[in-house]
Amino acid sequence: MKKIRLIIIISILNLNFGFSQTKSEIDLLLNGISETENSKEITKTKQAKKIIAFGENSLKTLSDFFTNSSLTKIKSECQKRNLTKGELAIIVADRIENMPYFQLTGIQNCLLEFCEGNPNLIEYYLPSIKDLGIEKFKKKYVEWLFWRKLSKREKRKIERNKKREYKRKMKELEKKPAGNTV
């Protein structure tokens, strides 16, 4: 029994340490990328290539950086300003797995004409993300990360439960007497 307890404790400690190490490693890699001068060169850096190689396992950790407003040296020709570390994390996350731009920003630009030759498609949407609010964008992104992995059956089940809950609340409201009417 003591051996089992010890194994469980060691496993939990290893999981926690491994996760924080990943976050600190991604932080260091983002800091390395932030020395790049042009946003078009972001994904050509060895640091970006390393994060991209981590694959979808790094997406949740990258989303933790979305709200980081520290300015970098990276100049965006499209935005005519320097990018923040959070925007850098958004760009790298989009390169790992393309985001559903309309679903997350409410804006769909099929032509992407205003900044030709930029490989970072999400960069076009940075003003929309700022207008939406970076916290709200991050929340939508994390929900999307969860939602995209569910099977169709699991999604239908969640939607049915939402509808049942909505109907239950509506019935409760109908049962409550309306306030004093004159």
Subject >> Positive minus negative residues near Y101 (Lys, Arg vs Asp, Glu; Cβ under 13 Å) >> reply: -2
**OP:** Mind pulling up the Rg/Rh value for the stretch 122-182? Radius of gyration and Kirkwood radius, both on Cα.
**Re:** 1.24
Original post:
If you add up the charges near A48, with Lys and Arg at +1 and Asp and Glu at -1, over every other residue whose beta carbon is less than 11 angstrom from its beta carbon, what do you get?
Top reply: +4
Original post:
Kirkwood Rh over Cα pairs of the stretch 66-176 into Stokes-Einstein at 10 °C, 1.306 mPa s: D in µm²/s?
Top reply: 97 µm²/s
Original post:
When the convex hull of the C-alpha atoms of the stretch 24-129 is computed, what volume per residue in Å³ does it have?
Top reply: 92 Å³
Subject >> Total charge dipole magnitude, the stretch 27-145, about the Cα centre, Cβ charges on Lys, Arg, Asp, Glu only, Debye to nearest 20 >> reply: 220 debye
**OP:** Could you pull out the pairs from K139/K175; K140/K169; K139/K169 whose alpha carbons sit more than 28 Å apart here?
**Re:** K139/K175
Original post:
What accessible area per residue comes out for the stretch 36-175, rounded to a whole number of Å², with a 1.4 Å probe?
Top reply: 62 Å²
Subject >> Cut-off 19 Å, label 7 Å out along Cα→Cβ of E154, residues of the stretch 47-65 by amide N >> reply: 56-61
Subject >> Computed E for Q79/T22 - FRET, C-beta separation, R0 41 angstrom, nearest 0.05 >> reply: 0.90
Subject >> Pairs from K80/K138; K85/K163; K60/K152; K46/K155; K40/K162 whose Cα-Cα separation, in the structure shown, is over 31 Å >> reply: K85/K163; K46/K155; K40/K162
Subject >> Sparsely packed trypsin sites (Lys or Arg not before Pro) within the stretch 69-159, loop by DSSP, other Cβ within 10 Å at most 10 >> reply: K80, K149
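The values are calculated or read from the model by the stated rules, or taken from the named source; none is laboratory data. These numbers come from a predicted model, not from an experiment. Positions of Cβ are generated from backbone atoms using ideal geometry, with glycine treated the same way; all protein chains shown enter the neighbour counts. Just so you know, the surface numbers come from the protein's heavy atoms only, side chains and all, with ligands and any DNA or RNA stripped out. Shrake-Rupley method; radii C 1.70, N 1.55, O 1.52, S 1.80 Å.
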